[in-house]
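The values are calculated or read from the model by the stated rules, or taken from the named source; none is laboratory data. Not measured: the values here are computed from a predicted model. For neighbour counting, all protein chains shown are included, and Cβ atoms are generated from backbone atoms with ideal geometry for every residue, glycine included. To get the accessible areas, we keep the full protein, side chains included, count just its heavy atoms, and leave off ligands, DNA and RNA. Shrake-Rupley method; radii C 1.70, N 1.55, O 1.52, S 1.80 Å.
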Protein chains: 2
Amino acid sequence: MTDRENDPETGSRLQPKYDSNGLIAAVVSDDSSGELLMLAYMNAEALQRTQDSGVAHFYSRSRQRLWKKGETSGNILTVTEMRIDCDQDAVWIKAVPAGPACHTGQNSCFYRKIISGKLELIE
Amino acid sequence: MTDRENDPETGSRLQPKYDSNGLIAAVVSDDSSGELLMLAYMNAEALQRTQDSGVAHFYSRSRQRLWKKGETSGNILTVTEMRIDCDQDAVWIKAVPAGPACHTGQNSCFYRKIISGKLELIE
């Protein structure tokens, strides 16, 4: 490979830049509406399983384990596209959600606006 | 305040859950196209300045300092809406970009797809 191909910003080589905990941020948007659904974190295994299965997997920081989104609720996220950012420390997933993406029952985890320092439910 | 109003998930009180480094993830999407532009991190000061000024501020982990997006390039992000997620550890900003959001000159930092484990430039 040339230096350019190997360069994290210009190259074609996937070389995720994991943080000190071995994690990379992953944002999921709804493939049809474009709305942001959730933000979570992936370790190398979660990223690989997501690519292999086509269904979003994450690493739960609170439970400290691999987590297939929807494993309990059934509300899986079927991946339609994955992107990575310039310095390869964030992933953007477009997905078709099988149900509400948020554990609260909301379609999106981002159900509140910040207005004048307070939170308001979106319409 | 009642317990419900004070609850991070149901309440109207902004109480960001910063990580051990005092940071919260912030995703920016283009207000008109809905495309994801970038993902960065905010400390409490960056979040406050973003709210006060209406222009996105972040905390640069590499430079370890507050960073007004576009301070050098002029490509500021004018905030049209801010949301926070269920557990208040991620912020979603909709913004009008003054120019390319990525330091590489691309409109979005997410200019490459992951396909079969390799990266391909989007069309």
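Structure data summary
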| quantity | calculated |
| --- | --- |
| Principal-axis tilt of helix A:44-53 within chain A, Cα atoms, nearest 10 degrees | 80 degrees |
| The range A:10-27 - phi-based ³J(HN,Hα) in whole Hz, Karplus 6.51/-1.76/1.60, Gly and Pro as x | 10, x, 9, 8, 6, 9, x, 9, 6, 7, 5, 9, x, 10, 9, 6, 9, 9 |
| Projected label distance in nm at A:ASP3 and B:SER32, using a 7 Å step from Cα toward the beta-carbon | 3.8 nm |
| Taking only Cα atoms of the protein assembly as shown, radius of gyration then Dmax in Å | 17.3, 61 |
| Inter-copy spacing of B:GLN15 label points, which lie 7 Å from Cα along Cα→Cβ, given in nm from shortest upward | 4.3 |
| Alpha-carbon centroid distance for the pair the range A:1-78 / the range B:62-123, whole angstrom | 17 Å |
| Check: the range A:22-123 dipole with +1 on Lys, Arg Cβ and -1 on Asp, Glu Cβ, in debye | 400 debye |
| Max mean-square fluctuation residue, GNM over chain B, Cα-Cα springs under 10 Å, options B:LEU47, B:LEU39, B:LEU14 | B:LEU14 |
| Charged-residue dipole, Cβ positions (Lys, Arg, Asp, Glu), the protein assembly as shown about Cα centre, Debye nearest 20 | 420 debye |
| 1.4 Å probe accessible area per residue over the protein assembly as shown, in Å² | 49 Å² |
| Chain A - percent of accessible surface contributed by carbon and sulfur, probe 1.4 Å | 44 percent |
| Value of D in µm² per second that Stokes-Einstein yields for the range B:73-123, Kirkwood Rh from Cα pairs, at 25 °C (0.890 mPa s) | 187 µm²/s |
| Of B:GLY117, B:ILE93, B:HIS103, farthest towards positive along the dipole that unit charges on Lys, Arg, Asp, Glu beta carbons give chain B | B:HIS103 |
| Volume of the Cα convex hull of the range A:1-74, divided per residue and given in Å³ | 127 Å³ |
| Range of Cα positions in the range A:26-123 per principal axis (Å), largest first | 41, 33, 30 |
